[in-house]
1. Scanning for something closer than 19 Å to residue 88 by Cα and either in contact with a Ser or Thr (Cβ under 8 Å, 6 or more places away or on another chain) or among the polar types (S, T, N, Q) (or both), does segment 6-15 turn up at least one residue?
2. Exposed (fewer than 11 other Cβ atoms within 10 Å of the Cβ), on the phi < 0 side of the Ramachandran plot and either not in a loop (DSSP other than H, G, I, E, B) or not polar (S, T, N, Q) (or both), is that true of residue 78?
3. Can you pull out every residue in segment 1-25 that is exposed (fewer than 14 other Cβ atoms within 10 Å of the Cβ) and farther than 28 Å from residue 76 by Cβ?
4. Which condition breaks for residue 91 when tested against (1) in a loop (DSSP other than H, G, I, E, B); (2) farther than 13 Å from residue 20 by Cβ?
5. State whether one or more residues within segment 54-61 are exposed (fewer than 10 other Cβ atoms within 10 Å of the Cβ) and either within 14 Å of the chain's Cα centre (by Cα) or aliphatic (A, V, I, L, M) (or both).
6. Scan segment 26-47 residue by residue and report those that are free of Cβ contacts under 8 Å to residues at least 24 places away in the same chain and surrounded by 17 or more Cβ atoms within 10 Å (Cβ to Cβ).
7. Does residue 52 meet the test of being part of a helix (DSSP H, G or I) and either of a type in the set (Asp, Glu) or out of contact with any Phe, Trp or Tyr (no Cβ under 9 Å at 6 or more places or on another chain) (or both)?
8. Consider residue 27 carefully, then state whether it is under 20 Å from residue 83 (Cα atoms), small (Gly, Ala, Ser) and at pLDDT below 95.
Amino acid sequence: MDPRRAAVVAEQRARLLLLQHAHACAAAPGSCRASPHCGDAKVLWRHVCGCAGCAAPHCASSGVLMAHFCGCEDARCEVCGPVRRWLRRRKIG
């Protein structure tokens, strides 16, 4: 895989995992020990779920990524496949 493509795929996987974590995390804002970005990811998750399209940072790209992940059935998808396997191992998704 092209190094630039590999970096994009790694970033997409990391964002999906962070959003999944934030969605499931019960920690109060600023108190999550798993990720310093959890609070921001919670805000982003809520925003994207109700947004019809805007220019807020990470909104459009996260919305596209989340929609792809929810509809992706390809176990070989270079983005979704590893994320789904990770989530299954941890019984998160």
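1. Within segment 6-15, one or more residues are closer than 19 Å to residue 88 by Cα and either in contact with a Ser or Thr (Cβ under 8 Å, 6 or more places away or on another chain) or among the polar types (S, T, N, Q) (or both).
2. Working: exposed (fewer than 11 other Cβ atoms within 10 Å of the Cβ): no; on the phi < 0 side of the Ramachandran plot: yes; either not in a loop (DSSP other than H, G, I, E, B) or not polar (S, T, N, Q) (or both): yes.
Taking the combined requirement at face value, the residue does not satisfy it.
3. Answer for segment 1-25, where residues must be exposed (fewer than 14 other Cβ atoms within 10 Å of the Cβ) and farther than 28 Å from residue 76 by Cβ: there is none.
4. Checking residue 91 against (1) in a loop (DSSP other than H, G, I, E, B); (2) farther than 13 Å from residue 20 by Cβ, the one that fails is (2).
5. Within segment 54-61, one or more residues are exposed (fewer than 10 other Cβ atoms within 10 Å of the Cβ) and either within 14 Å of the chain's Cα centre (by Cα) or aliphatic (A, V, I, L, M) (or both).
6. 32, 38, 39, 41, 42
7. no
8. Working: under 20 Å from residue 83 (Cα atoms): no; small (Gly, Ala, Ser): yes; at pLDDT below 95: yes.
Answer is no for this residue.
The values are calculated or read from the model by the stated rules, or taken from the named source; none is laboratory data. Since this is a predicted model, take the numbers as computed values, not measurements. When we count neighbours, we look across all protein chains shown, and the Cβ atoms used for this are built from the backbone with ideal geometry, even at glycine.
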